[in-house]
Structures are given as structure tokens and as C-alpha cells.
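Written below as C-alpha cells is the structure these notes are about.
The values are calculated or read from the model by the stated rules, or taken from the named source; none is laboratory data. The structure displayed is predicted, hence computed values, not measured ones. Cβ: placed from backbone, ideal geometry, glycine included. Neighbour counts: every protein chain shown.
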């Protein structure tokens, strides 16, 4: 069955079509949810709530652009809305840190799970900006609008997120080297 037909059937509340859309996209969208969540349970909740919203709004999809991209925006906005509602986004308003932080990582020694864990452990305000700007390609203007902050705060929070990640990776690499030296 074509994607266009599945979308039309979802718009008519066809449960089988909704199940098929879920089956096709849940894996990718769950990965996205993990980036915006503190843990797997929170990511599962965000995925579930995101799909509820997708199925409620599927009639609004205009078949212009990617359906997957449209769903990703809904899932991201669902996760951000939860943070806004819980008022856990204590955004830090700071002057923009102009130093660009580069992180040297040996890709053979660093797993995706390790990097995801580091990102998940960033403070909320830094994690959300990092994910939106670096991983999902939003501009600082778009990040600022979505989070209700200034562009300067978005840039500052991104810089601080990078600095935290760099410091943690360097610390972990140093501990790993010290452990290897003891063997």
C-alpha cells in the first residue's frame, strides 16, 4: 500500500493504517525521542504522545514535503511542550560565549550509546538547544522561537553544551588511558 493511501486512511481514523504508520516510523521517531528525553521511559512517553498528536493532526498534512519530516516536527514539538508544561526549562540567560568548542573523538572507541548518554545527561536547557541546532539542523532563530529565548541565549547554551560534552569526553578518555596503563 502506498504511503499516500495510508495517510488518507489514517485521516479517516483507520486503525490498521495507523498501526502500519506506527510500525513504519516508530523506530526512527523513538531515536529522535531519545535525544530529547532524559531516559528510555520518558522517550517512550514522548513517542506515544507524539503519535497521538500525529494521528489527530494527520488531516492537516498537505502532502507537500516529507511526511517523515512533518512527523519529526510534531514529535520534537511534543517533547518541548512537555518541558514547557512541567516548567523544567530553567533556561540560563548568559552572554554568548564566542569560543567555538571542538571535540576530538576516536570514533572506533566511542559508541553511539555512550554519546547519547552524554547528551541525555546535559542540563535540559543545554540538551534541547544542542539537539535542535546540532542534530536536527534548526537555526538559532528557530531554536530561540521554539524555546522562548533569545538567539544569544541559544548560542550561549549551545557553546556551554559543547564545553560540557568536551570536558566529559576528555575526562572519560583520560580515565580510560589511566586504567589501561594500570593493566
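If you check residue 62 against the conditions, is it in a loop (DSSP other than H, G, I, E, B) and either surrounded by 11 or more Cβ atoms within 10 Å (Cβ to Cβ) or at pLDDT below 95 (or both)? When the stated conditions are applied, residue 62 passes them. I'd like to check something: does segment 137-147 contain any residue that is surrounded by 13 or more Cβ atoms within 10 Å (Cβ to Cβ), out of contact with any strand residue (DSSP E or B) (no Cβ under 8 Å at 6 or more places or on another chain), outside any helix (DSSP H, G or I) and at pLDDT 90 or above? Yes, segment 137-147 contains at least one residue that is surrounded by 13 or more Cβ atoms within 10 Å (Cβ to Cβ), out of contact with any strand residue (DSSP E or B) (no Cβ under 8 Å at 6 or more places or on another chain), outside any helix (DSSP H, G or I) and at pLDDT 90 or above. Remark: residue 181 matches the filter, which requires a residue to be free of Cβ contacts under 8 Å to residues at least 24 places away in the same chain and either at positive phi or surrounded by fewer than 19 Cβ atoms within 10 Å (Cβ to Cβ) (or both).
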